[in-house]
Amino acid sequence: MKTINHWIGGKAVDGASGRFGPVYNPATGAQEKQVAFATVDEVDAAVATAKAAFETWGTASLARRTAVLFKYRELLDAHRDEIAELITAEHGKVHSDALGEVARGMEIVELACSIPQLVKGELSTQVSTRVDVAAIRQPLGVVAGITPFNFPAMVPMWMFPVAIACGNTFVLKPSEKDPSASYRLAELAAEAGLPDGVLNVVQGDKVAVDRLLEHPDIAAVSFVGSTPIAKYIQLKGIEHGKRVQALGGAKNHMLVLPDADLDYAADQAINAAYGSAGERCMAVSVVVAVGDTGDELVGKIAERARGLKIGPGNDAASEMGPLITREHRDKVASYVDSARAQGAEVVVDGTGYTVEGHENGFFLGVSLLDKVPVTADAYREEIFGPVLCVVRAETYDDAIALINNSRWGNGTAIFTRDGGAARRFQLEVQAGMVGVNVPIPVPVGYHSFGGWKDSLFGDHHIYGNDGIAFYTQGKVITTRWPDPADSGINLGFPSNT
Ligand code: NAD
């Protein structure tokens, strides 16, 4: 069985712990690989390597850093199909979706290529007589990233390209469920000329994560994953003196006003709810139908949902692939049953779905639940699967109150032809990313990604300008080149004249 190992100091390092995790092909249900779980000593070795690499990378010229990043972007472009195949084989998402993930990750490499412009400092001359003030940003040192299963290439690329462009060195701990993409990203970075030790990958579980959080030589931690772990990462990271950004789970609402184009809204609801089998942190998991739109909208969504083609991700005919594990598939399915028992109408029931020839795959059909009570588990919890809840609201005010009561605030969207209502929604809604007739408003690379409330713990969003701020520390330098005639003793507090 193939073992996925660590990448430390620019080379493959076999795991020595004797502990491994299973890596499945979700379309067949078979364990095809195993991933090494790092020990504390192995994490320490990666951090020591990264610390040594920082000595030279931290002061490498901007021209040198961008030369590597431009080359890296070219290599990713040349290998995008291969990376997407790795993703499909371990995550299960369909190939076109995996390609989209690689493209969105490359967007951040492209952002990182513009690092000379992004870290440019500020200078104020003559703030006082013969005094100038300069503000510069410098790297932090060794920083770590801990990433989830659902975007095994894109989410790591939200982090390390920006971090290394800023002059830091990086230790990545990818999801143990689909670790190969991260490993390949690190290999390609080495091929692009990134010096050994600047980007390291340690595979593992809680043992590796906890060591990264405790390690005195780690300056900052970026995390993306579920809310309970995000909260844990923030608290433990802060306890150990680290800068932390920890992005958590979500329950994204799509508000549909009566004046919206309902065919367009139904298409977008389908794409955003069932794409990647609903395993996206920006998936629409709740449609809020306002006024009398509900019956017609639910009918249109149901008709489309019943026609979706579900199958292995490497079959070009499949529109949706399997879920990540058997346990997760079964948990997602249980929400359909509990919603029925708790008063929802099950309009489309995807439970018990099998794909011919792939009976052991982790497949689940798509489900549509209507008139879901807000007290139902299916509404209150993050399901992270192909289950779309519809909640009815009489007015816009009821709908916005519902959204703003959610414990999460990652993404949200409004569908309407009314510019005034859309503008009001943008200002009133409590979420970090808002779409107007756009169901998955993931910001482009040069804006930052992040939610509010239980969807993000920390002060910085990820990538864009926030990413630069997170991975650098500011320094302000006040300079005077005195004229000998100014010299004299004055014990008063310096004031500006
Ligand atoms: P997860 O929280 O289970 O795992 C994320 C990472 O944390 C993995 O690397 C895992 O090994 C590690 N981890 C898990 N349990 C741990 C523990 N007890 N102690 C220390 N480390 C631990 O998340 P997941 O299931 O891989 O990913 C799905 C979740 O991620 C969903 O909740 C989804 O909404 C969220 N997500 C959020 C965003 C965002 O941008 N806000 C993006 C993608 C995914």
- [ ] Pairs only if they're at least six apart or on different chains, beta carbon under 6 angstrom, first in segment 152-177 and over 27 Å from residue 21 (Cα atoms), second within 12 Å of the ligand (Cβ to nearest atom); list them, first residue then second.
- [x] 162/463
TODO: Identify all residues within segment 445-486 that are within 16 Å of the ligand (Cβ to nearest atom) and surrounded by fewer than 13 Cβ atoms within 10 Å (Cβ to Cβ); write none if there are none.
DONE: 459
Open item on the list: Where the second residue is in a helix (DSSP H, G or I) and the first is without any contact (Cβ under 8 Å) to a residue 60 or more places away in the chain and lies in segment 397-411, which pairs have Cβ atoms under 8 Å and are six or more apart or on separate chains?
Closed with: 404/428
Task: So residue 288, is it over 19 Å from residue 385 (Cβ atoms), modelled with pLDDT of 95 or more and outside any helix (DSSP H, G or I) - done: yes
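The rows are residues; the columns are (1) at positive phi; (2) touching a Phe, Trp or Tyr at 6+ places or on another chain (Cβ under 9 Å); (3) not β-branched (Val, Ile, Thr).
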| residue | (1), (2), (3) |
| --- | --- |
| 112 | no, yes, yes |
| 126 | yes, no, yes |
| 130 | yes, yes, yes |
| 149 | no, no, yes |
| 159 | no, yes, yes |
| 198 | no, yes, no |
| 205 | no, yes, yes |
| 208 | no, yes, yes |
| 214 | no, no, yes |
Open item on the list: Tell me yes or no: at least one residue of segment 183-194 is within 11 Å of the ligand (Cβ to nearest atom) and either at pLDDT below 95 or surrounded by 24 or more Cβ atoms within 10 Å (Cβ to Cβ) (or both).
Closed with: no
Open item on the list: Give me the residue from segment 138-160 that is crowded, with 19+ Cβ neighbours inside 10 Å and part of a strand (DSSP E or B) and, out of that set, nearest to the ligand (Cβ to nearest atom).
Closed with: 146
Open item on the list: Suppose we keep only residues that are buried (at least 23 other Cβ atoms within 10 Å of the Cβ) and of a type in the set (A, V, I, L, M, F, W, C) within segment 6-22. Which one would you say is farthest from residue 180 (Cα to Cα)?
Closed with: 8
Open item on the list: Which condition from (1) of a type outside the set (A, V, I, L, M); (2) more than 30 Å from residue 450 (Cβ to Cβ); (3) in contact (Cβ under 8 Å) with a residue 12 or more places away in the chain is the one that residue 357 breaks?
Closed with: (3)
- [ ] State whether one or more residues within segment 32-46 are among the small types (Gly, Ala, Ser) and surrounded by fewer than 16 Cβ atoms within 10 Å (Cβ to Cβ).
- [x] no
Task: Only listed residue being within 21 Å of residue 93 (Cα to Cα) and out of contact with any His (no Cβ under 9 Å at 6 or more places or on another chain), chosen from 336, 366 - done: 366
Task: So residue 163, is it touching a strand residue (DSSP E or B) at 6+ places or on another chain (Cβ under 7 Å) and part of a helix (DSSP H, G or I) - done: yes
TODO: Tell me which residues, restricted to segment 375-392, are in a loop (DSSP other than H, G, I, E, B) and touching a Lys or Arg at 6+ places or on another chain (Cβ under 9 Å).
DONE: 381, 382, 383, 384, 385
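Conditions (1) assigned to a loop (DSSP other than H, G, I, E, B); (2) of a type in the set (A, V, I, L, M, F, W, C), marked per residue:
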position	(1), (2)
293	no, no
298	no, yes
304	no, no
317	yes, yes
324	yes, yes
328	no, no
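One line per residue, one yes/no per condition, for (1) touching a residue at least 12 places away in the same chain (Cβ under 8 Å); (2) among the polar types (S, T, N, Q); (3) under 21 Å from residue 156 (Cβ atoms):
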position: 203; (1), (2), (3): yes, yes, yes
position: 238; (1), (2), (3): no, no, no
position: 246; (1), (2), (3): yes, no, yes
position: 249; (1), (2), (3): yes, no, yes
position: 262; (1), (2), (3): yes, no, no
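The values are calculated or read from the model by the stated rules, or taken from the named source; none is laboratory data. Here the structure is a predicted model, which is why all the values come from computation and not from measurement. Backbone-built Cβ (ideal geometry, glycine too); neighbour counts: all protein chains shown.
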